[in-house]
Amino acid sequence: MMRDNLNGKQVPAYRRGEFFTQLSGPALADLESLLFPSAYPARAAIFTEEQPAAGIVVVLEGEVKLSINSSDGRRLSFCIARAGDVLGLTAALSGHPYEMTAETLYPAKVAHVTRKAFLHFLALNPDAYEAVAREASHSFSLAFEQLRTVGLSSSVPERLARLLLAWGESGEKSEDGARCRVALTHEEIGEFIGASRETVSRVLSVFKSRRLVSRRGHMIVIPSRRALESYACG
């Protein structure tokens, strides 16, 4: 499991997640006792929308795409979950089916915690409810922001610029700008902004010709956030 050094101790990368940083020592220990890693290959469904909620899923390593589908087969992707993110919280708490589909982008490791075990954990650690509320609120905020971007942004260049800026914010910083790994096809990128593959390809070509972004394999580089933000503002 990928690890970082914190105060001289090796700790799992998922502990950097906001949910885990809010837990008390005893609550963290109790929850970690329930985390048994399961390996998934790339492009594998961890759970699907309308599937009965079996519990929560903790992302330990890798990246997981969250999306919803319409009855006619169209898909809207909301966000990419990373190590430390907790998926399926509201469904696990309510007992309702999962609201979204979770699919790995790369080989990943996650931990499944059954609904019964998670509710028992909360009963033993009521102070963890604040972390649960924050995580659930954050997930809904991301979903609403994505809907706002897709539904209210006036143009595809504006929507794509906002998406790339958000990805760059969570990516690496280097001398040549912000870098983020994006192993998505143009069609899949379009699922995040409500655009066709052809439109995404055309707009990305414009961005590249104007040196707003460059692509090196699976890495997208944003040389200047300020330049790209001029598109994001419409």
Set Glu158, Glu135, Glu169: member being over 23 Å from Leu93 (Cα atoms) and in contact (Cβ under 8 Å) with a residue 40 or more places away in the chain: Glu158
From (1) at pLDDT below 95; (2) in contact with a Pro (Cβ under 9 Å, 6 or more places away or on another chain); (3) over 30 Å from Ile193 (Cβ atoms), pick out the condition that doesn't hold for Glu50. (3)
Considering residues of region 2-19 that are open to solvent by 80 Å² or more (accessible area, probe 1.4 Å) and outside any helix (DSSP H, G or I) only, the residue modelled with the lowest pLDDT: Met2
With the checklist (1) in contact with a strand residue (DSSP E or B) (Cβ under 9 Å, 6 or more places away or on another chain); (2) crowded, with 17+ Cβ neighbours inside 10 Å in hand, flag the one item Leu23 doesn't pass. (1)
With the requirement that a residue be over 21 Å from Thr90 (Cβ atoms) and touching a residue at least 60 places away in the same chain (Cβ under 8 Å), what does region 31-62 give you? Phe36, Pro37, Ser38, Ala39, Tyr40, Pro41, Ala42, Arg43, Ala44, Glu61
Looking at the structure I just gave you, is Ile80 among the β-branched types (Val, Ile, Thr) and modelled with pLDDT of 95 or more? no
Considering Leu93, Leu122, which residue is farther than 24 Å from Arg225 by Cβ, at pLDDT 95 or above and in contact with a Phe, Trp or Tyr (Cβ under 9 Å, 6 or more places away or on another chain)? Leu122
Give me a count of the residues in region 140-180 that are closer than 19 Å to Pro223 by Cβ and at pLDDT below 75. 8
Filter region 84-102 for residues that are open to solvent by 30 Å² or more (accessible area, probe 1.4 Å) and either out of contact with any Gly (no Cβ under 8 Å at 6 or more places or on another chain) or not charged (D, E, K, R) (or both) and give the result. Thr90, Leu93, Ser94, Gly95, His96, Pro97, Glu99, Met100
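The values are calculated or read from the model by the stated rules, or taken from the named source; none is laboratory data. Computed from a prediction, not measured in an experiment: that's the story for all the values here. A quick note on method: Cβ atoms are made from the backbone with ideal geometry, for glycine too, and the neighbour counts reach across all protein chains shown. Side chains included, ligands, DNA and RNA excluded: accessible areas come from the protein's heavy atoms. Shrake-Rupley method; radii C 1.70, N 1.55, O 1.52, S 1.80 Å.
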